[in-house]
Every structure is written in structure tokens, then in C-alpha cells.
Amino acid sequence: MSAIKKLASQTAVYGLSSIFGRFLNYLLVGFHTRVLTDVADFGVVGEIYAYVTFLNIIYLYGLETSYFRFSSKDKLGAHTYYSSSFTSVLLTSAIFSGLFIIFSGQINDLLITDPSAAAYYHQDYIIWFALILAFDAITAIPFARLRQENRPLAFASIKIFNILVNVFLNIFWLWFCPWWLESNPDSVINYVYSPENKVAYIFLANLIASGATILLLYKQIKDIRLQIKWEIFKPMLTYGFPLLFAGLAGMMNETFGRTMLKYLLPGSAEENLAQLGIYNAAYKLSIFMTLAVQAFRMAAEPFFFSMHKEQDSKKIYAEVMEYFVIVCAIIFLAVSLNLNIAGLYLGEQYRSGLFVVPTLLLANLFLGVYYNLSIWYKLTDKTMYSIYFTVFGAIITVSLNLLWIPVFGYEGSSWATLLCYFIIAVSCYFIGQRYFKVPYRIKRISLYLTYMLVIYGLGYYIDAKLLQEMPVVSAVINNTLLIIFILTAWLVEKKNLKLE
């Protein structure tokens, strides 16, 4: 139990930056959906960030996890693994971003599918994101070192700084500058702000925040020797490259539907971008599940590697899975049963997509279960299985999106995401038990998930009957259902959760 308490405390600290940052970003979603009155503008934001999350995988090509694996096995040589990883990422980032900058005009032209969309894209966006991708990749290995050294407070404080800079600049450019210029039209603000293109300032804020983060990681970067020792780096690449392809397929599972809406919906590019904008806003509301999974993953990866040699490690892995599912079920219910309240943060023209949020929350829950299960192929060095699972998932995602988006729109994309993550989680469990048998309590976990869905179904029925005429009563009943679920889980698990 003490090991799980350690994981929980580190997850909480890693989650501090995620929760705080995602909460601020959640507020920014409400801010952006009011500032960007043209819904298609927010569609462009969602589309470009979808491509960026995909490219982030290419820029790191599995080295982050490779660094964890090899530095954990050879603590005396950890700094050599660190320097080699950082040097490689630095060189490849310069090459990749240089190519993006050189061909930025041609890339921008590819994004414009018809004349109605031409006003929404600019070559500068490509250049800025080429730099953002490089900055984020360069800082990824120093951040990984902080995690490997169990320094979650330093990790969280730097992440929070990045977020605060981003939020401050968004507010400065998109709220303060227009407000100030209303009464001071000849102000010096005119030199740093132009009202014609608000989307540009969202991207510029990200660029400046990413660049500033490098400065705060100076201590982690200054003692790096810019060299690659091939004899130790080759095994890292061998280990990490399957994770690269798995990551690409996994990111396709996450982003393919959003990027394809523009091409598969029957309207013009501008109309389809508006649908993407609505879906992107709904996708952002599943952020609470995403941040829980992200915080857990950051703490769990080094934790699972460090626990591997312990006698009761498999029992601990099983307990972690159960508690993880319980926490995610609570998050699912907390958001889904209060969706009409959470949706008030969005601009009114974006709220029509709220109905897909529970589907996306459940999809991310199963993605978290998959991350939990996937430790078996990392601990047994069978990382090729990461490719098999995620390519299988990508085939499902692509096929279902191509089939469902033209018929059901972005709702079809949300169901494709859920089905993909559910299938790869189940597949990972059954295959993993053959190579690395962990005594997961599948029956109990399944009962928790079924109970969660029953509670949600009751809440959905209550909303249908009471929401329009008695919204306060509906909210009270729904949150009572949430409390009942939490109390039930506590009563079932309290014996195991006693402090030791």
C-alpha cells in the first residue's frame, strides 16, 4: 500500500501542473469561443493543434520512454543516456523544423481545400509551429530527467510557468488590447496588436511560452555534453522506434477524426471548419479525463519501471489499475452529470456539440486503461506489440471515421474514438496476460464500469424529464447520484485503503 501511496502522491504533484494548466486552458476555451465569433476560426485552431500533437511524436521518436528504460537499468550511466538523447533530439528538431520553414508556403497551400477557406490560413502559422515543435521537443528530455529523478515539484512549477505565460498573453492580446484601443485608438498598442487576425495571437502566445520554458530548464541543459555515444544510443533507438510508430498510430486514433471533418463532411470548407470548431470545443470539455490520464501516465511510467524487481510488483500493478478506474469513473460522472453547467463556459454557438462529451470521456477512460495495461510490453522489452495494438486501433479509427463522418458528422467520429480505445484496451489485456500475467480484478472493474453507466443513464433520464422545467432539482439529483457512487466505492475499498 505504501508504494501505491507514493504513486498517488507523485500523480497528484504531476497532476498539479496538468490540472491547473488544463483548468486554465479550459477557461481559455470559453474565452476563445466568445472571442472567436466565427466558429470556423476555432476549427482552424483545432485542426492545426491536431496536426501538432501528431508531429510531436515524430520529433521525439520514442526517446523519452527509452531514456526512462535505460537510465533506470544503468543509473551510473544515466547522464550519458541523457546527453545522447538530448543531442539527438536537438539535431533532428533543427532538421525537421528547418524543412517546415523552407516549405511553409507549400504546406499552407495544401491546407486550403477551396477558396472559401483561404482567409483562414497563413504561412506564418506554419513557421511559428515549426519553432513550437522544436522548442517542445528540446525541453521534453530535460522534463523526462526531472521525472526520472523523482522531482515532481520542479517539473510542475516549470510546466505551470509555461501555462501562465500562455494564458497571460492570450488575455493580453485578445481582451486587453481590443478593450484598450476602444478608448485609446492611437495607443502604442497598435504596434503589437492588429484586430484583423485573432487566431494568430493564440499561436504566438504558445510560441513565446514554449521559448520561455527553455530558459527555466537551463540547469538541466547546461551540463549536457553535445555528443551521441552510438554504442549505448543504438539500443535506445531499437527500443524506442517501435514506440514511435505506435505513437503515430495512437495519435492518428486521437486526431484523425478531427482533421478529416473538413474533408469528409458534405459542406464547403468554411462550413466544415465550423463543424470542426464545434467538435473541437466539445473535445476540450473531455479535458478532465485527459488530464487525469496524463498525470497518471507521467508518474506511473517511472514508478512501474522502478517497481519491476519488487516481489509483489504484479499485485501492486493490479491494485493501481482498480483505483485508476474508480477515479476515472468519478471524473466521468462528475462531468457528464453536470454537462449543462460545464457547457456554459462555451460561447452559445458552440454548445450544440455537448452531447458527444460523455462519449469522448468514456473513450479517454479506456485509453487510460490501455496505458495502464501496456506496461507489460515495456517491462518485457516486447515494444513491437505497441505497434500492433495502435496500428490495429488506427485501422479501426480510419475505417469508422470514413464510414460514419459523412453520415453522422462529428458524432460518428466520437463513437469511432470510443470503439477504437475499447478494442485496443481489451486486446492488450488478453495478449499481455500470456507474457506478463498480472492478477487484475476484471470482474470488480467491470462492475464499477457497469455501475457508472447505470448512474449516468439515470442522470440522463432525469435531465430529459426535469432539466427544462426544474434545472436546479435536476442538478441536485444528479450530484446526489455522483455522491452515491463515490460512497459505494469508498465502502467497498476502505479496507484496502487503510494507511499503513
Hydrophobic (A, V, I, L, M, F, W, C) and over 25 Å from S374 (Cα atoms), is that true of M260? yes
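Being of a type in the set (F, W, Y) and surrounded by 20 or more Cβ atoms within 10 Å (Cβ to Cβ) narrows it down to one of W175, W128, W179, so name that one.
So the residue among W175, W128, W179 that is of a type in the set (F, W, Y) and surrounded by 20 or more Cβ atoms within 10 Å (Cβ to Cβ) is W128.
Kindly indicate whether R434 is more than 20 Å from Y283 (Cα to Cα), of a type in the set (D, E, K, R) and in contact with a helix residue (DSSP H, G or I) (Cβ under 7 Å, 6 or more places away or on another chain).
Working: more than 20 Å from Y283 (Cα to Cα): yes; of a type in the set (D, E, K, R): yes; in contact with a helix residue (DSSP H, G or I) (Cβ under 7 Å, 6 or more places away or on another chain): no.
Against the criterion (more than 20 Å from Y283 (Cα to Cα), of a type in the set (D, E, K, R) and in contact with a helix residue (DSSP H, G or I) (Cβ under 7 Å, 6 or more places away or on another chain)), R434 does not qualify.
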Filter the range 263-289 down to residues that are of a type in the set (D, E) and crowded, with 21+ Cβ neighbours inside 10 Å, then give me how many there are. 0
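Of the residues L146, L111, which single one is within 21 Å of the chain's Cα centre (by Cα), modelled with pLDDT under 90, within 20 Å of N56 (Cα to Cα) and among the aliphatic types (A, V, I, L, M)? Reasoning before the result, please.
Values: L111 fails: within 21 Å of the chain's Cα centre (by Cα).
From the options L146, L111, the qualifying one is L146.
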Please work out if I431 is farther than 25 Å from I278 by Cβ, touching a Gly at 6+ places or on another chain (Cβ under 8 Å) and part of a helix (DSSP H, G or I). no
Long-range neighbours under 6 Å by Cβ, at least six apart or interchain, first residue of a type outside the set (S, T, N, Q) within the range 469-484, second outside any helix (DSSP H, G or I) and surrounded by 16 or more Cβ atoms within 10 Å (Cβ to Cβ): L482/L337
Qualifying residue in the range 106-125 (condition: in a helix (DSSP H, G or I), buried (at least 20 other Cβ atoms within 10 Å of the Cβ) and either touching a Gly at 6+ places or on another chain (Cβ under 9 Å) or polar (S, T, N, Q) (or both)): yes
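Tally the residues that are out of contact with any Lys or Arg (no Cβ under 6 Å at 6 or more places or on another chain) and under 17 Å from Y370 (Cβ atoms), restricting the search to the range 435-447. Reasoning before the result, please.
Of all residues in the range 435-447, those out of contact with any Lys or Arg (no Cβ under 6 Å at 6 or more places or on another chain) come to 435-437, 439-447.
Pick out the ones that are also under 17 Å from Y370 (Cβ atoms) and you get 435-436, 440, 442, 445-446.
Qualifying residue count, the range 435-447: 6.
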Within the range 85-104, does at least one residue satisfy the condition of being outside any helix (DSSP H, G or I) and either of a type outside the set (D, E, K, R) or within 20 Å of L226 (Cα to Cα) (or both)? yes
Report whether or not Y67 is out of contact with any Lys or Arg (no Cβ under 9 Å at 6 or more places or on another chain) and in a helix (DSSP H, G or I). no
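Within the range 30-48, can you find the residues that are hydroxyl-bearing (S, T, Y) and part of a loop (DSSP other than H, G, I, E, B)? Walk me through how you get there before you give the answer.
Just the residues of the range 30-48 that are hydroxyl-bearing (S, T, Y), to begin with: 33, 37.
Selection gives T37 alone.
Output the residue which, of all residues in the range 73-96 that are under 15 Å from I232 (Cβ atoms) and surrounded by fewer than 16 Cβ atoms within 10 Å (Cβ to Cβ), is modelled with the lowest pLDDT. I'd like the intermediate steps shown before the answer.
Taking the range 73-96 as the starting set, the residues that turn out to be under 15 Å from I232 (Cβ atoms) are 73-88.
Pick out the ones that are also surrounded by fewer than 16 Cβ atoms within 10 Å (Cβ to Cβ) and you get 73-77, 79.
Details: K73: 67, D74: 62, K75: 59, L76: 54, G77: 60, H79: 74.
Within the range 73-96, the match that is modelled with the lowest pLDDT is L76.
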Of all the residues that make up the range 369-389, how many are within 14 Å of A318 (Cβ to Cβ) and either part of a loop (DSSP other than H, G, I, E, B) or touching a Gly at 6+ places or on another chain (Cβ under 8 Å) (or both)? 2
Screening V39, V44, V35 for residues that are farther than 30 Å from S386 by Cβ, of a type outside the set (F, W, Y) and in contact with a Phe, Trp or Tyr (Cβ under 6 Å, 6 or more places away or on another chain) leaves only V44
Of all residues making up the range 327-374, the number that are more than 25 Å from H32 (Cβ to Cβ), β-branched (V, I, T) and crowded, with 23+ Cβ neighbours inside 10 Å: 1
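Just need a number here: residues in the range 286-318 that are assigned to a helix (DSSP H, G or I) and either modelled with pLDDT of 75 or more or under 27 Å from T359 (Cα atoms) (or both). Spell out how you get there, then give the answer.
Restricting attention to the range 286-318, the residues satisfying the condition of being assigned to a helix (DSSP H, G or I) are 287-307, 313-318.
Checking which are either modelled with pLDDT of 75 or more or under 27 Å from T359 (Cα atoms) (or both) leaves us with 287-301, 314-318.
Residues flagged as assigned to a helix (DSSP H, G or I) and either modelled with pLDDT of 75 or more or under 27 Å from T359 (Cα atoms) (or both) within the range 286-318 amount to 20.
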Residue identified as under 30 Å from Y82 (Cα atoms), assigned to a loop (DSSP other than H, G, I, E, B) and in contact (Cβ under 8 Å) with a residue 24 or more places away in the chain among I224, I208, I232: I224
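Tell me which residues, restricted to the range 136-154, are in contact (Cβ under 8 Å) with a residue 24 or more places away in the chain, among the hydrophobic types (A, V, I, L, M, F, W, C) and more than 25 Å from F96 (Cβ to Cβ).
Residues of the range 136-154 that are in contact (Cβ under 8 Å) with a residue 24 or more places away in the chain, as a first pass: 136-148, 150, 152-153.
Still in the list and also among the hydrophobic types (A, V, I, L, M, F, W, C): 137-138, 140-141, 143-144, 146, 153.
Matches in the range 136-154: L153 only.
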Please find, within the range 402-421, the residue that is surrounded by the fewest Cβ atoms within 10 Å (Cβ to Cβ) out of those that are within 20 Å of the chain's Cα centre (by Cα) and touching a residue at least 60 places away in the same chain (Cβ under 8 Å). Y410
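Can you spot a residue in the range 139-151 that is surrounded by fewer than 17 Cβ atoms within 10 Å (Cβ to Cβ), outside any helix (DSSP H, G or I) and on the phi > 0 side of the Ramachandran plot?
Checked against the condition, which is being surrounded by fewer than 17 Cβ atoms within 10 Å (Cβ to Cβ), outside any helix (DSSP H, G or I) and on the phi > 0 side of the Ramachandran plot, the range 139-151 yields at least one hit.
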Residue in the range 444-495 that is surrounded by the most Cβ atoms within 10 Å (Cβ to Cβ), counting only those that are in contact with a Ser or Thr (Cβ under 6 Å, 6 or more places away or on another chain) and part of a helix (DSSP H, G or I): Y456
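Would you pick out the residues in the range 426-453 that are of a type in the set (S, T, Y) and more than 26 Å from Y388 (Cα to Cα)? Outline the logic, then answer.
First pass over the range 426-453, keeping only residues of a type in the set (S, T, Y): 427, 429, 435, 440, 446, 448, 450-451.
Hits for the range 426-453 are Y448, T450, Y451.
The values are calculated or read from the model by the stated rules, or taken from the named source; none is laboratory data. All figures in this text were calculated on a predicted structure; none of them were measured in a lab. With ideal geometry, Cβ positions are generated from the backbone for all residues, glycine too; neighbour counts draw on all protein chains shown.
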